[in-house]
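Following: one structure in structure tokens, then a few remarks.
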Amino acid sequence: MAVPRELAENAANKPKVVLGVGGGIAAYKACEVLRGLTESGHDVRVVPTEAALNFVGAATFEALSGHPVHTGVFTEVPEVQHVRVGKGADLVLVVPATANLLAKAAHGLADDLLTNTLLTARCPVAFFPAMHTEMWEHPATRDNVALLRSRGLVVTEPAAGRLTGKDTGKGRLADPREIVDLARLLLAAPDSLPRDLEGRRVVISAGGTREPLDPVRYLGNRSSGKQGYALARVAVHRGAEVTLIAAHTVELPDPAGASVTHVSTAQELREAVHAAAVDADVVVMAAAVADFRPAGVAPHKIKKSDDQPDPVITLDRNADILTELVRDRRPGQLIVGFAAETGDEHGSVLDHARAKLKRKGADLLVVNAVGDGKAFEVEDNSGWLLGTDGTETPIPLGAKAQLAAAVWDEVAALSQD
Ligand code: CTP
């Protein structure tokens, strides 16, 4: 097949991703992952299993990737593909990873191009499982997953929800957007997903609260929720038991493997966070919580009128949840706050952040500079981590998952102290 020119151009400078595709119904979602990766500047080579081609034809993968597609080791033999593909990769993803593929990978079987590639790859490898709940929970699969993880390979948790038929349960493929985000993270920071949060219970709040004025209107803020969701995803990949308390976000998929409670107002968020924090080891307040709410909610839509004066909105103060968490924390519990700051005539971003860390009493404060298109509604983020011992660690501009990994590195280090 001819390679589309725009894909072939600069392919040499692009990160090389091998996208292994297993033979499950979720194979069609591998096309979305492929699209997401090529559009974000990756050179992707698809290596399906023979079974995967029952679900998606080779022509689709060839057209979307711009590379020929083979399943076996007996094509293009002089090029020694079964070694070359794996050795040349910067990242290998397996989407979806079936129970069969996980078993073969765990035991080093190599009977097709994909399984050979898994043995020759020396780059990060991540499996995204999709199968029926019974298969995922079977002791054989559990053991294979544990073995792969013990070797430093990433095996993500599947999502819960609708499966192939009418049944629901754990075993759905993670959302393709999550997979693309994780790929970016592993390429930028290959060591960012150690299983160092295993057995830890973490609670993360995310998104922006909405305080109703009347049945139609609310006071809200510009938080997209992306940073909090990235924190939840990375924590799941690092082995934590994650509860995500999600206020309003741009449309984001629930992170696979996390338990998610959706809330709207600051008061609902407060109740949900406190309930979840009771037995948590770590609580991260990434949500943008409204400091004030309208003193009363009009039961009907507020109308304008030429005969009446314009309405004046009186605000009541909302509780500061972070301060309450610090006050009520149990021994050993770590509390992490966020601060979105702008510099002004009273001080720089860091001056305000240092004062906030002291005022709120958190163990760690993640500081983002906001304004001028920074932090809100964008994909990348940068900032600082402020510790109570005066440490100030800059976090360079990168994907929100990278900032999340830096936060968990610090949390893991603090947990060992
Ligand atoms: N926060 C909270 N409850 C609130 C307001 C904020 O728990 N009612 C938390 C946020 O989730 C964040 C931290 O406090 O982790 C700092 O939020 P920020 O809005 O930067 O600080 P404020 O306390 O609201 O201070 P100000 O807006 O005056 O800078």
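The values are calculated or read from the model by the stated rules, or taken from the named source; none is laboratory data. No experiment lies behind these values; they were computed from the predicted model shown. Methodologically, a virtual Cβ is constructed for each residue, glycine included, from the backbone with ideal geometry; neighbour enumeration extends over all protein chains shown. For the accessible areas, the whole protein counts, side chains as well, though only heavy atoms, and no ligand, DNA or RNA atoms are used. Shrake-Rupley method; radii C 1.70, N 1.55, O 1.52, S 1.80 Å.
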TODO: Filter the stretch 316-350 for residues that are of a type in the set (A, V, I, L, M, F, W, C) and either closer than 22 Å to residue 407 by Cα or open to solvent by 70 Å² or more (accessible area, probe 1.4 Å) (or both) and give the result.
DONE: 321, 322, 325, 326, 334, 335, 336, 338, 339, 340, 349, 350
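Could you list, in sequence order, the residues of the stretch 212-232 that are over 27 Å from the mean Cα position of the chain (by Cα) and not in a loop (DSSP other than H, G, I, E, B)? Walk me through how you get there before you give the answer.
Filtering the stretch 212-232 for residues over 27 Å from the mean Cα position of the chain (by Cα) gives 212-219.
Selection gives 212, 218, 219.
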Open item on the list: Can you confirm whether residue 314 is within 15 Å of the ligand (Cβ to nearest atom), assigned by TED's automatic domain parsing to the domain that holds residue 406 and hydroxyl-bearing (Ser, Thr, Tyr)?
Closed with: no
TODO: Could you please give the count of residues in the stretch 159-192 that are open to solvent by less than 50 Å² (accessible area, probe 1.4 Å), in contact (Cβ under 8 Å) with a residue 40 or more places away in the chain, outside any helix (DSSP H, G or I) and not small (Gly, Ala, Ser)?
DONE: 2
Task: Matching residues, the stretch 273-315, being part of a helix (DSSP H, G or I) and open to solvent by 30 Å² or more (accessible area, probe 1.4 Å) - done: 274, 275
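Counting only residues that are more than 10 Å from the ligand (Cβ to nearest atom) and open to solvent by less than 30 Å² (accessible area, probe 1.4 Å), which one in the stretch 362-374 is modelled with the lowest pLDDT?
So the first thing to find is which residues in the stretch 362-374 are more than 10 Å from the ligand (Cβ to nearest atom), and the list is 363-364, 369, 371-374.
Keeping just the survivors that are open to solvent by less than 30 Å² (accessible area, probe 1.4 Å) gives 364, 369.
Working: 364: 98, 369: 81.
Checked the stretch 362-374; the qualifying residue modelled with the lowest pLDDT is 369.
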Task: Among (1) among the basic types (Lys, Arg); (2) away from the ligand (no atom under 13 Å from the Cβ); (3) surrounded by fewer than 16 Cβ atoms within 10 Å (Cβ to Cβ) - the single one residue 358 does not satisfy - done: (2)
TODO: Test residue 380 against the stated conditions and say whether it is of a type outside the set (Ser, Thr, Tyr), more than 15 Å from the ligand (Cβ to nearest atom) and under 30 Å from residue 240 (Cα atoms).
DONE: yes
- [ ] Would you check which residues across the stretch 41-83 are touching a helix residue (DSSP H, G or I) at 6+ places or on another chain (Cβ under 7 Å), in contact (Cβ under 8 Å) with a residue 60 or more places away in the chain and not β-branched (Val, Ile, Thr) and list them?
- [x] 48, 66, 68
Task: Within the stretch 238-272, considering residues that are out of contact with any strand residue (DSSP E or B) (no Cβ under 7 Å at 6 or more places or on another chain) and open to solvent by less than 30 Å² (accessible area, probe 1.4 Å), the one farthest from the ligand (Cβ to nearest atom) - done: 239
